[in-house]
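A.B. asks: I have a structure here, written as C-alpha cells, and I will follow up with some questions on it.
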Amino acid sequence: MLNILREKMSKHSISAITLLLMLLIALFFISFLLGRYPISPYEVILAICSKITGIDFGLSQTVETIIFQIRLPRILAAILVGASLSIAGASFQGLFKNPLVSPDKLGVSSGAGFGAALAILLYGGYFLIQALSFIFGLLAVVVSYLLSRTFKGTSMLTLVLCGIAIGSFFSALLSIAKYVADPYGQLPTIVFWLMGSLASVTTQQIIMVLIPMLIGITILILIRWRLNVVSMGDEEALTMGIDVKKMQAIIIICCTLITAAAVSISGIIGWIGLVIPHIARMILGPDHKVLLPASVILGAFFLLLIDNISRTVTTVEIPLGILTALIGAPFFIYLLKKSKEVWV
C-alpha cells in the first residue's frame, strides 16, 4: 500500500513539474511578442531559425535587434533571477525550519543595495554597479556568518539575528549614501535601482552572473534530498551520517551566491523567495526533492510574467519590486488563510 502511494505521488510530481515547465516555455515565446514595437509569432520563429541555421530569411535589422538585443536578454534575466530567488528562499526555509525566511534574511540585499549606491556615487557604469552590488552582497553574509561564530553555542537563530543586525547596518549606510547623493541625478538612479528593474539588462551582464547562478542552483538541486534530512533536525541528520555543519555552510554559500548574483542585475525584488516556495509546497508538498525543482520553474515563470506586465500595462514601465509587493503580499495573506496544514 505504501509503495502504491509513493508511486502515485511520484507520478503526480512528474506531471505537475512537466506542466509547469510547459507553461514556462509557452510564456518564454509569448514574451517575445509583447512590447511597444509589435512583432508577430512568424517573425520570432524566423529570427530564431535564422540564428540556428545561419540562413537569412530577409527580416529587418530592427526586428532582429529588438528580439536578440532587447527582449531576449530581458527574458533570460527574468528567468534566471526568478529561479534563483525562489530556490534560495525554498532552501533557506528548509534550512532554518521557518516558513517566513526569505533569501535576504542574512543581509545580502542590504549589502548589495549599498554596493550599488556606492558605485552610483562614484559615477560608475553598469559594470561597476553590478560588480560592487555583488561583492557587498557577499560581504554582508560573510560578516554575518563570522560574527555569529564569535558567540558560544552558535545556532542558526544566532546567525539569523546577526544577519538582521548586519542588514540594518548596511541599510543605514545606504541611507547615508542617498542622503549625500546628488538629488537631481544620483538619487533618482539609486532609488530606481532599489525598486528593481530589468529594463537595462544586457547580454554581457547575464554572462557575468550566469556561472555563479548555475553553480549555486545545480549544487542545491543535487543535495536537495539532504535538505530533507537537515530540516528534520540536527540529531536526526547526524544519525543518518549527514555532516550538519558542512551541509549548512554549503546551503548558505550557494543561496548567498545566487541571491547576490540575482540582485546585482535586477535590483532588490522582494516576495519571490518567500511566496513562490509556499505555492510550490501547496502543489507538491514539503519534499525538497521535488520542491526545489518546482520552485525554480515557478519562480522563473512568476518573474517573467511580472516583467511582461511591468513593460506592457502602462506607457511608463513599473518597477518590478512594486509589482511583486502589490501581488505577493495579498497573495501571501490569502495563502495563510487558506492553508489548513502545519508547515513542515
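A.B. asks: Could you give the nm distance between label points at VAL191 and LEU326, where each point is 7 Å from its Cα heading toward the beta carbon?
C.D. replies: 1.7
A.B. asks: Can I ask one more? Show the residues, 5+ positions off or on another chain, whose built amide H is closer than 5 Å to the amide H of ASP182.
C.D. replies: Residues meeting the amide H criterion: LEU187.
A.B. asks: Could I ask something else about it? How large is the helix-only mean residue ellipticity at 222 nm for the chain, computed as the sum of -39500 (n - 2.57) over DSSP H runs with n ≥ 4, divided by its residue count, in deg cm²/dmol to the nearest 500? Intermediate values should be presented prior to the final figure.
C.D. replies: Values: 15 runs with 260 residues, N = 344.
Using -39500 (n - 2.57) per qualifying helix, the result is -25500 deg cm²/dmol.
A.B. asks: Separation between the LEU122 and VAL142 pseudo-spin-labels, each 7 Å from Cα along Cα→Cβ, expressed in nm?
C.D. replies: Label at LEU122, label at VAL142, 1.5 nm between them.
A.B. asks: For HIS278, HIS288, HIS12, give me the order by solvent-accessible area with a 1.4 Å probe, most accessible first, ignoring ligands, DNA and RNA.
C.D. replies: Numbers: HIS278 25, HIS288 5, HIS12 95 Å².
Per-residue accessible area, sorted high to low, gives HIS12, HIS278, HIS288.
A.B. asks: At 7 Å along Cα-to-Cβ for each site, give me the label-to-label distance between THR62 and ARG36 in nm.
C.D. replies: Using points 7 Å along Cα→Cβ, the separation is 1.3 nm.
A.B. asks: Further, regarding this structure: Rounded if a/c is under 1.5, else prolate if a/b is larger than b/c, else oblate: which is segment 1-158, with a ≥ b ≥ c the root eigenvalues of its Cα gyration tensor?
C.D. replies: Note, shape of segment 1-158 comes out oblate.
A.B. asks: For segment 78-121 and segment 267-300, what is the separation of their Cα centres, given in Å?
C.D. replies: 13
A.B. asks: Tell me which DSSP H helices of the chain clear both cut-offs, 30 Å or more of axial length from alpha-carbon atoms and a mean Kyte-Doolittle hydropathy of at least -1.0.
C.D. replies: Correct list, ordered by number: 2-31, 72-95, 126-149, 156-180, 244-266, 288-312.
A.B. asks: Using the per-residue mean of other Cβ atoms lying within 10 Å as a proxy for protection, in what order, highest first, do the peptides 166-174, 126-134 fall?
C.D. replies: Highest to lowest by the protection proxy: 126-134, 166-174.
A.B. asks: If packing is taken as the mean number of other Cβ atoms within 10 Å per residue, what is the order of 236-248, 53-65, highest first?
C.D. replies: Sorting 236-248, 53-65 by mean packing, highest first, produces 236-248, 53-65.
The values are calculated or read from the model by the stated rules, or taken from the named source; none is laboratory data. If you're wondering where the values come from, they're calculated on a predicted model, not measured in any experiment. Note that each Cβ is placed from the backbone with ideal geometry, even for glycine, and that neighbours are counted across all protein chains shown. Surface areas here come from the heavy atoms of the whole protein model, side chains and all, with no ligands, DNA or RNA. Shrake-Rupley method; radii C 1.70, N 1.55, O 1.52, S 1.80 Å.
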